[in-house]
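One structure below.
Just so it is clear, none of the values below were taken in a lab; they were calculated from the coordinates. Everything quoted here is computed from the prediction, not taken from an experiment. Glycine gets a Cβ as well: all are built from the backbone with ideal geometry, and neighbour counts include every protein chain shown.
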Amino acid sequence: MGAGQEAGVVNERALVQTSMVLKALSHPLRLKILCLLGDSGREVSALEIIAVLGTSQSNVSQHISIMQGKGVITTHKDGNRVMYSVSDASMLDLFYMMCELFCDD
């Protein structure tokens with residue numbers, strides 16, 4: 001139970017935030033991006049993401065934009081490169097927990 005939350009009472013703002021994060025993760029390519037960022041343990045450039053995932057720059061850019069807009073990942077510029085990282089370790093905890101529940105491997 002979160003801080004300031006009474007038993008049996010759900011914080012509406014927390015539910016909305018949770019829903020937004022789950023929507024941001026609701027596409028296989030976004031989950032692959034999150035996995036790549038988490039497994040690398042470092043910031044990753046857009047070019048690296050494109051190379052590893054084998055998809056177009058515009059496709060990756062569209063999904064990264066959604067993830068960034070929902071607060072799942074953060075970006076910063078390093079010279080001419082845009083670098084991406086997971087905004088909060090709890091995002092990775094959620095991802096790995098979902099993998100344990102739903103993945104057969």
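Mind sorting out which of (i) 49, 35, 23; (ii) 44, 23, 21; (iii) 34, 30, 29 is the real Cα extents along the principal axes in Å computed from the coordinates?
The listed entry that was calculated here is (i).
Give me the percent of DSSP beta bridges within the chain that run antiparallel, rounded to the nearest 5. Mind showing how you got there, number by number?
On the way: 8 of 8 bridges.
Percentage antiparallel, nearest 5: 100.
Placing unit charges on C-beta atoms (Lys and Arg positive, Asp and Glu negative, everything else neutral), compute the dipole magnitude of segment 28-102 about its Cα centre in debye, rounded to 20.
260 debye
Report, by chain and number, residues whose modeled amide H sits under 5 Å from the one on I73, excluding near sequence neighbours (fewer than 5 apart, same chain).
Under 5 Å from the amide H of I73 lie the amide H atoms of Q68, S87, each far enough along the sequence or on another chain.
Can you work out the Karplus-derived ³J(HN,Hα) for every residue in segment 21-31? Use 6.51 cos²θ - 1.76 cosθ + 1.60 with θ = phi - 60°, whole Hz, and x for glycine or proline.
3J(HN,Hα) across segment 21-31, in whole Hz: 5, 5, 5, 5, 9, 8, 9, x, 5, 5, 5.
Amide H neighbours of S45 under 5 Å, at least 5 residues apart or on other chains, H built in the peptide plane: list them.
Under 5 Å from the amide H of S45: Y84.
If the elastic network links every pair of Cα atoms under 10 Å, which of G71, G54, G38 fluctuates the most in the Gaussian network model of the chain?
Taking springs between Cα atoms under 10 Å, the residue moving most is G54.
Residue-wise, which Karplus ³J(HN,Hα) couplings in Hz belong to segment 78-86, taking 6.51 cos²θ - 1.76 cosθ + 1.60, θ = phi - 60°, and x for glycine or proline?
10, x, 8, 9, 9, 10, 10, 8, 6
Once the Cβ-Cβ distance between L53 and R13 is put in as r, and R0 is 41 Å, what FRET efficiency do you end up with, to the nearest 0.05? Can you show the working numbers first?
On the way: r = 33 Å, r/R0 = 0.81.
With a Förster radius of 41 Å, E is 0.80.
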